[in-house]
Amino acid sequence: MDVLVTGGDTELGRTIAESFRDAGHNVVISGARRDDLEVAAKELEIDAIVCDTTDPAGLAQARTEFPHHLDTIVHVPAPAWAGGDPRTYTLDDTASAWRSALDATVLSAVLLVQNIGDHLRSGGAIVTVVPDNPRDGGADAAVKAALSNWTAGQADYFGTRGITINTVACGRGAEPSYDGLSTTPPPVAAEIARLALFLTTPAARHITGQTVHVGRGALANFG
């Protein structure tokens, strides 16, 4: 299986790429930070494409560099905003935080899929990732809701080609204070990678248009 993992210049993207590689798939990673991307590619012994998926012009220019035939696209966001305490934000800080979250998580996924969605073979899979469990009312929570809605809408379109599209997100059970069903739970990144890999298998062909939470046995919502 030929797999593209974006966000290869992040730890989560690298973990997911490694998971697919270890499962025997041909993996290519992409990312905007050349130095971090090249280090990851060298360590994993895979190819890399330097590309900022939030930049329409750069993404269009890089179109021919992406594999022409793909079975899976896994999109991992790489936010540019460092974050901090929202209570101390200026108006400019708030605007930067919201724009960064929207660009990294939703806009980049939309642009990427529009740009190379036709590279996917019939029967393929698209997986978008929400790496954190955001608090209600913040930029990340709003962006997660937008991504989930977009994913559900795209399922009808890609379903005509037998392609599934799903979002993998952290649930509340992935928080450090929750022990879950195991006394030694694996790192959240490893759980996200394992779930992303599962969603590309024949056993998951019936799952599409969904937001699936990694929760270590906890419900997505509980009071």
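Points to keep in mind about this one:
- Cα-derived Rg to Rh of the chain, Kirkwood definition: 0.95
- In this structure the amide hydrogen of Leu120, modeled in the peptide plane, comes within under 5 Å of the amide hydrogens of Leu70, none closer than 5 places in sequence on its chain.
- Accessible solvent surface per residue of the chain, calculated while the other protein chains remain in place, 1.4 angstrom probe, Å²: 51
- Carbon-plus-sulfur accessible fraction, the chain (probe radius 1.4 Å, protein heavy atoms only): 52%.
- Amide H contacts under 5 Å for Asp47, placed H, 5+ residues apart: Ile29
- When each of the peptides 17-29, 150-162 is scored by how many other beta carbons lie within 10 Å of its residues on average, the order from highest to lowest is 17-29, 150-162.
- On full extension, the segment bounded by Thr160 and Ile207 gains 15.5 nm, given 0.36 nm per residue less the C-alpha separation.
- Under-5 Å amide H pairs with Val214, H placed in peptide plane, nonlocal only: Ala169, Cys170, Gly171
- Packing-based ranking of 90-100, 138-148, 33-43 yields 138-148, 33-43, 90-100, ordered from highest to lowest mean Cβ neighbour count within 10 Å.
The values are calculated or read from the model by the stated rules, or taken from the named source; none is laboratory data. Since this is a predicted model, take the numbers as computed values, not measurements. Cβ: placed from backbone, ideal geometry, glycine included. Neighbour counts: every protein chain shown. Please note that ligands, DNA and RNA were not included when accessible areas were found on the heavy atoms of the full protein model with its side chains. Shrake-Rupley method; radii C 1.70, N 1.55, O 1.52, S 1.80 Å.
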